[in-house]
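*Asks:* Questions regarding the structure given below will be posed in turn.
The values are calculated or read from the model by the stated rules, or taken from the named source; none is laboratory data. Predicted model, so just to flag it, every value in this text is computed and none were measured. Note: ideal-geometry Cβ built from the backbone for every residue, glycine included; neighbour counts use all protein chains shown. Protein only, heavy atoms only, side chains kept; ligands, DNA and RNA dropped before computing areas. Shrake-Rupley method; radii C 1.70, N 1.55, O 1.52, S 1.80 Å.
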Amino acid sequence: MSKITKEELDSMAKQPKKEDKDWIKVGMSSCGIAAGAEEVFKTLTEEVKKRNIKVAIKKCGCAGMCSVEPLVEVNVEGMPQVTYGKVNKDVAIQILDDHIHSHRLVNDHIYDIQAKKPNG
Amino acid sequence: MDRNIVYIKDTGILQPDRTKDVYAAFLNGLRDRGMQDSVMAVRVADIGAYNQGVVIKVLPDTTYYNVKDADINRIVDSIKEGKAVQGLAARKEPKQLRIVLRNCGVVDPDNIDDYLARDGYQALKKVLFDLKTPEKTIDEIKKSGLRGRGGAGYPTWMKWNFAKQMVSDQKYVICNGDEGDPGAYMDRSVLEGDPYSVVEGMMIAGFSVGATMGYFYIRAEYPLAVDRVQNAIDRCYERGLLGKNILGSNFNFGLEIRLGAGAFVCGEETALIASIEGRRGTPHPRPPYPSVKGLWEKPTVINNVETLANVPYIILKGGDVFARVGTATSKGTKVFALTGKIKNSGLVEVPMGTTIREIVFDVGGGIFNNKAIKAIQTGGPSGGVIPKDFLNTPVDYENLQKLGSIMGSGGMIVMDEDDCMVDIARFYQRFCFEESCGKCSPCRIGTAQMLNTLSKIAEGMGELSDLDNLRRISQAMQKAALCGLGQTAPNPVVSTLRYYQDEYEVHIINKKCPSKKCRNLLSYKIIPEKCKRCSVCMMNCEAKAITGNKDDGYVINMDKCVRCGKCFEVCKFKAVSKE
Ligand SMILES: Cc1cc2nc3c(=O)[nH]c(=O)nc-3n(C[C@H](O)[C@H](O)[C@H](O)COP(=O)(O)O)c2cc1C
Ligand code: SF4
Ligand code: SF4
Ligand code: SF4
Ligand code: FES
């Protein structure tokens, strides 16, 4: 692995932050894992591959809403950024079908939502 | 074209949830105006507002509370016109502010590039190349007003400054990730969700005091936190952020993890140091404080996880920016682990000075099952209860202390009318009794005596003189115990006695538990008028305390009854009374 230099950090500070275009994040802290986040992560990874969807599946830490774990946050082009709670295998597939494929939000599992500002 | 997005949720808790009906009405309104393709309406499970009736939120920033059916069409029209309905729309006031948790739930905790993309190590760079000296760095922390989040709230800059001023060939920094209080898991979440921020905080602390080595002390019960911190440390070594000549400067710094065995007392700083040194984890008297004589007798700064997670933010944004958040004496935010009888239990971060009511009701969604709130407990076994009369108190170190509790590390347990204050005091006392290291007698004997007395009261054998005894032992422990565990162990007892002495007295004089929690004080009776003589209670009573038959009815023999409550639970006709 290459060493990070001061100059690299300088240029990172100047660059506007670029995030991956489309992503799904699964909360994988202890509470999330206890609630079944690993299965959700696995399901999403497999299904995305199977369906050949271009979306990055990532993991992240606790978003703070422990009572509605597992939490899955979805950010894809043309849709607001949504945090889904109480996601199991079925809801995960519904997210792929509805949110990502049909651009329809999955009712009743939405716990937080952020309107996207133009240009991130 | 981007569609307008509208969220709908009935946040009322007193009537049945009308979200679906309002949603249907809203869709009809859209269809009537041919707007179904330009507006996306969604039912959400949580809209961030509680007990405000039907809430409709039109993104990005218009919110309507207590929407009546007649308002729906006006709102639909307003979307067409592109402006909010005057007089109906409310201002949006976010209650949470995420500084410590800024990256939690956002970055992949195992991916250093994610952290770098979120200003990771920019603060370290600023310290090494712009501020350049420990003095200037500590000055920034001083300006911020940051105080320790591990319990006592000691000003972080002062602690760093003491260690910096010491002359020594070797100094250390320690991150206290022991987190032993029941009900608290803030530090675990930060270590699991954003380990790099804490690592960066450690480096900055190290630079400020002149340390070249740091230790993470993490309890072994947190294996995921250990894994993620270890991974962060490994990546930092690989990328040259730890080791020698960091970023080409002459700053050298290394980090290692030490596992704690999970004894509460090992969170106490002198015990923690002993434990890292490989000795038995028992406290010893201070002074000398660790900043003078700490790990292996060298000057050592020991800070809590949350304290350290604040540090990169403060350096990057400036101490004065941080100091704008909070109250006069307590700056920044505080992370709380909200648990107990709360609707949305979880991790919340609010500016210091937010009232307890706002935390419990606006952020936490209030009490579940429509029960009345009785008290909240803060500070774990070292803290106390705050009765509902003080819900409007803004949280900061001083205010909580005035009320007889403490900020502590951030556990916040919400209690309702079913919680018995004697039982709560007993719960924490048992915890302290079991966790006392036994080194000093005020704590070893005091916790045992207090626990016995509380048990006696809870079992209906208390006498009024017991209350004086509890107070006397408390004072002795507060004065004479060697470490914080014993000094603060009486707090839950003192604070419940302060606010709920009448509840203790009912236990002692009337031999009753008003919250029906203390098992030995309960008695069960079958109410003949309500009893349908189904015999279900009798069949479920393992103690065979219920006798009778279909013709004569059933009775409970309290001499045989072991007060398991089974009969009360199984009777479908509410014919068993519990008093
Ligand atoms: C019995 C006992 C347990 C403690 N447990 C912890 C703990 O789990 N985590 C923590 O950060 N501090 C704990 N403390 C406080 C530490 O001793 C120390 O004050 C703190 O880590 C200092 O960090 P801060 O200034 O950043 O708050 C405990 C203190 C006592 C007396
Ligand atoms: S106060 Fe309790 S925990 Fe602390 S040293 Fe004494 S016996 Fe040990
Ligand atoms: S279960 Fe209830 S109704 Fe049935 S016999 Fe017992 S008290 Fe009576
Ligand atoms: S409380 Fe338990 S032991 Fe007592 S009568 Fe009911 S079922 Fe039997
Ligand atoms: S600790 Fe996981 S969402 Fe709270």
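*Asks:* Give the residues of segment B:301-339 that are of a type in the set (Gly, Ala, Ser) and under 18 Å from B:PRO394 (Cα atoms), sorted by residue number.
*Replies:* First, pick out the residues of segment B:301-339 that are of a type in the set (Gly, Ala, Ser): B:309, B:318-319, B:323, B:326, B:328, B:330, B:332, B:337.
Within segment B:301-339, B:ALA323, B:GLY326, B:ALA328, B:SER330, B:GLY332, B:ALA337 meet the criteria.
*Asks:* Step by step: first the residues of segment B:537-553, then only those that are within 11 Å of ligand 3 (Cβ to nearest atom) and assigned to a loop (DSSP other than H, G, I, E, B), then the one that is nearest to the other protein chains (Cβ to nearest Cβ). Which residue is that? Give the steps one after another, and end with the answer.
*Replies:* The initial filter retains those residues of segment B:537-553 that are within 11 Å of ligand 3 (Cβ to nearest atom), namely B:537-541, B:546, B:548-550, B:553.
Retained after the next criterion (residues that are assigned to a loop (DSSP other than H, G, I, E, B)): B:541, B:550.
Working: B:CYS541: 35, B:LYS550: 45 Å.
The selected residue is B:CYS541.
*Asks:* Provide a single number: the residues in segment B:475-498 that are touching a residue at least 24 places away in the same chain (Cβ under 8 Å), over 17 Å from B:GLY380 (Cβ atoms) and not basic (Lys, Arg).
*Replies:* Selection size over segment B:475-498: 4.
*Asks:* Now for a separate question. Could you identify the single residue in B:CYS567, B:CYS534, B:CYS561, B:CYS518 that is closer than 30 Å to B:LYS374 by Cβ, surrounded by 15 or more Cβ atoms within 10 Å (Cβ to Cβ) and near ligand 3 (Cβ under 9 Å from one of its atoms)? Full working, then the answer.
*Replies:* Details: B:CYS534 fails: closer than 30 Å to B:LYS374 by Cβ; B:CYS561 fails: near ligand 3 (Cβ under 9 Å from one of its atoms); B:CYS518 fails: near ligand 3 (Cβ under 9 Å from one of its atoms).
Answer to the selection: B:CYS567.
*Asks:* Here's a follow-up. Scan B:LEU247, B:LEU259, B:LEU224 and give me the residue that is open to solvent by 10 Å² or more (accessible area, probe 1.4 Å), among the hydrophobic types (A, V, I, L, M, F, W, C) and over 32 Å from the mean Cα position of the chain (by Cα). I'd like the intermediate steps shown before the answer.
*Replies:* Details: B:LEU259 fails: over 32 Å from the mean Cα position of the chain (by Cα); B:LEU224 fails: over 32 Å from the mean Cα position of the chain (by Cα).
Result of the check over B:LEU247, B:LEU259, B:LEU224: B:LEU247.
*Asks:* So which of B:TYR499, B:TYR428 is open to solvent by 10 Å² or more (accessible area, probe 1.4 Å), more than 19 Å from B:ARG286 (Cβ to Cβ) and more than 16 Å from ligand 3 (Cβ to nearest atom)?
*Replies:* Numbers: B:TYR428 fails: open to solvent by 10 Å² or more (accessible area, probe 1.4 Å).
After applying the criteria, what remains is B:TYR499.
*Asks:* If you don't mind, another one. Residues of segment B:537-551 being within 25 Å of B:SER455 (Cβ to Cβ) and open to solvent by 50 Å² or more (accessible area, probe 1.4 Å), which ones? Steps first, please.
*Replies:* Start the filter on segment B:537-551 by keeping residues that are within 25 Å of B:SER455 (Cβ to Cβ), which leaves B:542-543, B:545.
Listed by number, the list holds a single entry, B:GLU542.
*Asks:* Within the group A:ILE93, A:ILE113, A:ILE53, which residue is away from ligand 1 (no atom under 16 Å from the Cβ), in a strand (DSSP E or B) and free of Cβ contacts under 8 Å to residues at least 60 places away in the same chain?
*Replies:* Numbers: A:ILE93 fails: in a strand (DSSP E or B); A:ILE53 fails: in a strand (DSSP E or B).
None of the others qualify; the one that does is A:ILE113.
Residue-wise test of (1) away from ligand 1 (no atom under 16 Å from the Cβ); (2) among the hydroxyl-bearing types (Ser, Thr, Tyr); (3) under 20 Å from B:ARG98 (Cα atoms).
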{"position": "A:GLU8", "(1), (2), (3)": "yes, no, no"}
{"position": "A:ALA13", "(1), (2), (3)": "yes, no, no"}
{"position": "A:SER29", "(1), (2), (3)": "yes, yes, yes"}
{"position": "A:GLU46", "(1), (2), (3)": "yes, no, no"}
{"position": "A:VAL72", "(1), (2), (3)": "yes, no, yes"}
{"position": "A:PRO80", "(1), (2), (3)": "yes, no, no"}
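*Asks:* Now for a different question. Being within 14 Å of chain A (Cβ to nearest Cβ), assigned to a helix (DSSP H, G or I) and open to solvent by 20 Å² or more (accessible area, probe 1.4 Å): is that true of B:LYS126 here?
*Replies:* On the way: within 14 Å of chain A (Cβ to nearest Cβ): yes; assigned to a helix (DSSP H, G or I): yes; open to solvent by 20 Å² or more (accessible area, probe 1.4 Å): yes.
When the stated conditions are applied, B:LYS126 passes them.
*Asks:* If a residue must be part of a loop (DSSP other than H, G, I, E, B) and more than 30 Å from B:ALA425 (Cβ to Cβ), how many such residues does segment B:511-536 contain? Lay out the reasoning, then the answer.
*Replies:* Of the residues in segment B:511-536, the ones part of a loop (DSSP other than H, G, I, E, B) are B:511-518, B:522-523, B:527-535.
Next, from what is left, pick out any that are more than 30 Å from B:ALA425 (Cβ to Cβ): B:527-535.
Final tally of qualifying residues: 9.
*Asks:* Provide a single number: the residues in segment B:161-201 that are closer than 30 Å to B:ASP113 by Cβ, in a helix (DSSP H, G or I) and either within 14 Å of chain A (Cβ to nearest Cβ) or among the basic types (Lys, Arg) (or both).
*Replies:* Counting residues in segment B:161-201 that are closer than 30 Å to B:ASP113 by Cβ, in a helix (DSSP H, G or I) and either within 14 Å of chain A (Cβ to nearest Cβ) or among the basic types (Lys, Arg) (or both) gives 14.
*Asks:* Can I ask one more? Failed condition for A:GLU77, given (1) within 30 Å of B:ALA184 (Cβ to Cβ); (2) not in a helix (DSSP H, G or I), with all others met?
*Replies:* Here A:GLU77 clears every test but (1).
*Asks:* Go through segment B:406-425 and report how many residues are surrounded by fewer than 24 Cβ atoms within 10 Å (Cβ to Cβ) and assigned to a loop (DSSP other than H, G, I, E, B).
*Replies:* 4
*Asks:* Where residues in segment B:481-496 are touching a Gly at 6+ places or on another chain (Cβ under 8 Å) and more than 22 Å from B:LYS402 (Cβ to Cβ), which of them is nearest to ligand 3 (Cβ to nearest atom)?
*Replies:* B:GLY486
*Asks:* Follow-up. When you look at B:GLY29, is it small (Gly, Ala, Ser), in contact (Cβ under 8 Å) with a residue 40 or more places away in the chain and within 20 Å of B:ASN4 (Cβ to Cβ), yes or no? Show your work before the answer.
*Replies:* Values: small (Gly, Ala, Ser): yes; in contact (Cβ under 8 Å) with a residue 40 or more places away in the chain: yes; within 20 Å of B:ASN4 (Cβ to Cβ): yes.
The answer is yes for B:GLY29.
*Asks:* Next up: State all residues of segment B:129-180 that are crowded, with 17+ Cβ neighbours inside 10 Å and among the acidic types (Asp, Glu); if no residue qualifies, say none.
*Replies:* B:GLU140, B:ASP178, B:GLU179, listed by residue number.
*Asks:* Of all the residues that make up segment B:547-577, how many are within 6 Å of ligand 4 (Cβ to nearest atom), under 39 Å from the mean Cα position of the chain (by Cα) and within 16 Å of B:LYS530 (Cβ to Cβ)? Lay out the reasoning, then the answer.
*Replies:* Going through segment B:547-577, the residues within 6 Å of ligand 4 (Cβ to nearest atom) turn out to be B:556, B:561-567.
Retained after the next criterion (residues that are under 39 Å from the mean Cα position of the chain (by Cα)): B:561-567.
From what is left, the residues that are within 16 Å of B:LYS530 (Cβ to Cβ) are B:567.
Residues meeting the conditions: 1.
*Asks:* Out of A:VAL72, A:VAL55, I need the residue that is surrounded by fewer than 22 Cβ atoms within 10 Å (Cβ to Cβ), farther than 30 Å from B:GLY240 by Cα and touching a Phe, Trp or Tyr at 6+ places or on another chain (Cβ under 7 Å). Which one? Steps first, please.
*Replies:* Values: A:VAL72 fails: surrounded by fewer than 22 Cβ atoms within 10 Å (Cβ to Cβ).
Exactly one residue qualifies, and that residue is A:VAL55.
*Asks:* If you don't mind, another one. Looking only at residues in segment B:38-84 that are assigned to a strand (DSSP E or B) and of a type in the set (Ser, Thr, Tyr), which one is surrounded by the most Cβ atoms within 10 Å (Cβ to Cβ)? Spell out the reasoning first.
*Replies:* Pass one, segment B:38-84, residues assigned to a strand (DSSP E or B): B:39-43, B:54-58, B:62-64.
If we keep only those that are of a type in the set (Ser, Thr, Tyr) as well, we get B:62-64.
Details: B:THR62: 20, B:THR63: 22, B:TYR64: 25.
Only one residue fits best here, namely B:TYR64.
*Asks:* Of the residues that sit in segment B:243-265 and are in contact with a Gly (Cβ under 6 Å, 6 or more places away or on another chain) and at pLDDT 95 or above, which one is nearest to ligand 3 (Cβ to nearest atom)?
*Replies:* By that ranking, first place goes to B:LEU255.
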